[in-house]
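What follows draws every value from the coordinates through simple rules; no lab data is involved. None of these values were measured; they are calculated from a predicted model. Cβ placement follows ideal geometry from the backbone for every residue including glycine, while neighbour counts extend to all protein chains displayed.
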Amino acid sequence: MNRRKFLKIVGSSAVIVAAGGIGFVATRTPSDALEPWNAAGSQYSDPMRRALSYAILAPNPHNRQPWIIDIKSDTEAELYCDLERLLPATDPFSRQIVIGLGCLLELFSISAAEQGYMADIRYFPHGENHDRLDQRPIAQLSLVKQDGLAPDPLFAHVLTRHTNRDPFDTERIIDDGVLGRLRGVAAISALVGTTGDGKQLNDLRTLTRDAMVAEIMTPEAYQESIDLMRIGRAEIEANPDGISLGGAFLESLSIFGVLSRESLADPASSSFQIGLDMIDAGAMSAMGFVWITTQGSDRTAQIEAGRAYMRVALQAAADRLSMQPMSQALQEYVEMAPYYKTVHDELAKQPGERLQMLARLGFAKEDVGPAPRWALETRIRES
Ligand SMILES: Cc1cc2nc3c(=O)[nH]c(=O)nc-3n(C[C@H](O)[C@H](O)[C@H](O)COP(=O)(O)O)c2cc1C
């Protein structure tokens, strides 16, 4: 199918009507996959499960949700990484996976404070493995009741924070006050930087776009994403993780054979070309960037980077600012080496400083909904 024909189909609501009409639209929401967003908090009476029910809503790479929680009691647990859920092609040292676990730990801590519990978190109680994650726990979690513990105002934004991949509104500048709040919201163990204009903004737009294009031109790296795409409601409900391509519109395209894993992987296809256009539109509409660096990159630094990212993302949500990580240039596979060098030369200038997260910022024209999650019950084991 050529691009013009594809666009004609895309531009026509007839495709949805042909696929079953309004009733079809109404039934395409993957309700079970989104249920953890409704279940958070209210369905759990003990403080551990209650805090964890929010923590599993944390951002994490490719929505792999690589967490397993061993619950020992209502106030004690251990966090493990699910080694079946790594991303070997794009995240060869599992650095990003650990950042996602750091996001979960910060959300756990914020949600515990909301209930009057201080979260005592000990990282890597049996040591850490830098090159390859292993079976040892990521963290030991204890909840300690504390009278007068101040709740964290960021808690109010846990359910409205979502990664937004749409183009942002290029008419709306991000003011310095908003950027300053992002820089100030995290602990000092991870540094937060921002830009909202000028040459640096333009350079980062093109760099993140070019790095993302390089990724989808690298078959092994891109195939890892394609394998994790869930196309349509049935696939999303069966595997509420990975990259979901849902909604009546995309599902209709898939029914018509326009959108498939094969077409997404084929550089000659319309889907691939449209993907390139979407990458360009997203990156070039960035109205700012936020980044997080650490000194060195041991596992603890990666956890701290994740905790900082979580706080930045919640603060952005508080200011109704949208965010999307643009991680490709930070990744450690050979095709990324030139982008990795450029972005580190630009944003991590101190000796030993390591860039851990880079995300574009802007005001979106529309809110996006939540991403699927596995239910908490499927991610815990009791001992
Ligand atoms: C370490 C890390 C890297 C990520 N990199 C990207 C990325 O390069 N592009 C992107 O669109 N989202 C990226 N994300 C966002 C995840 O895809 C997102 O958190 C996940 O799909 C769940 O969706 P949610 O954040 O809306 O809950 C990243 C998240 C983390 C924690």
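Take M229, M212, M357 and order them by how many other Cβ atoms sit within 10 Å, fewest up front. Don't jump to the answer; show the numbers that get you there.
Numbers: M229 16, M212 22, M357 25.
Placing the least packed residue first, the sequence is M229, M212, M357.
When the chain is described by a simple charge dipole with +1 on each Lys and Arg Cβ and -1 on each Asp and Glu Cβ, the residue from A305, L52, P36 located farthest towards its positive end is P36. Label reach from A39 (point 7 Å along Cα→C-beta): in segment 227-245, amide nitrogens under 20 Å belong to 233-244. The relative contact order of segment 37-103, computed from alpha carbon pairs under 8 Å that lie at least 6 residues apart in sequence, is 29 percent. I want to check a number: in the chain, how many lysine pairs have alpha carbons closer than 22 Å, given a sequence separation of 8 or more or different chains? Lysine pair count for the chain: 4. Charge dipole (Cα centre; +1 on Lys/Arg Cβ, -1 on Asp/Glu Cβ; no other charges) of segment 150-253 amounts to roughly 320 debye. Farthest toward the positive end of the dipole of segment 176-215, out of A214, S189, Q200, is the Cα of S189, where the dipole comes from beta carbon charges about the Cα centre.
Sort V98, V144 so the one with the fewest other Cβ atoms within 10 Å of its own Cβ comes first.
Working: V98 28, V144 12.
By the 10 Å Cβ count, ascending, the order reads V144, V98.
Ranking M278, G100, A316 by Cα position along the charge dipole of the chain, where only Lys, Arg, Asp and Glu carry charges on their C-beta atoms, puts M278 farthest toward the positive end.
Taking the number of Cβ atoms within 10 Å of each Cβ as an exposure proxy, the fewest-first ranking of T163, T195 is T163, T195. To the nearest Å, what is the center-to-center distance of segment 271-292 and segment 126-202, using C-alpha atoms only? With segment 271-292 and segment 126-202 each reduced to a Cα centre, they are spaced 21 Å.
Note on the chain: with charges restricted to the Cβ of Lys and Arg (+1) and Asp and Glu (-1), its dipole about the Cα centre is near 600 debye.
When Lys and Arg each count +1 and Asp and Glu each count -1, what net charge do the other residues less than 12 Å away from T208, Cβ to Cβ, add up to? Please list the in-between numbers first.
Details: positive: R205, R209, R360; negative: D203, D210, E215, D280, E346.
Spelling it out: positives minus negatives among the neighbours equals -2.
Among residues other than A337 whose Cβ falls under 14 Å from its Cβ, what is the net charge (Lys/Arg +1, Asp/Glu -1)? Working shown, then result.
On the way: positive: K341; negative: D210, E215, E332, E335, D345.
Result for the neighbourhood of A337: -4.
Normalised by the number of residues in the chain, the mean separation of alpha-carbon contacts (under 8 Å, six or more apart) gives a relative contact order of 25 percent. Applying 1/(1 + (r/R0)^6) with R0 = 22 Å to the Cβ-Cβ distance of E366 and S260 gives a FRET efficiency near 0.25.
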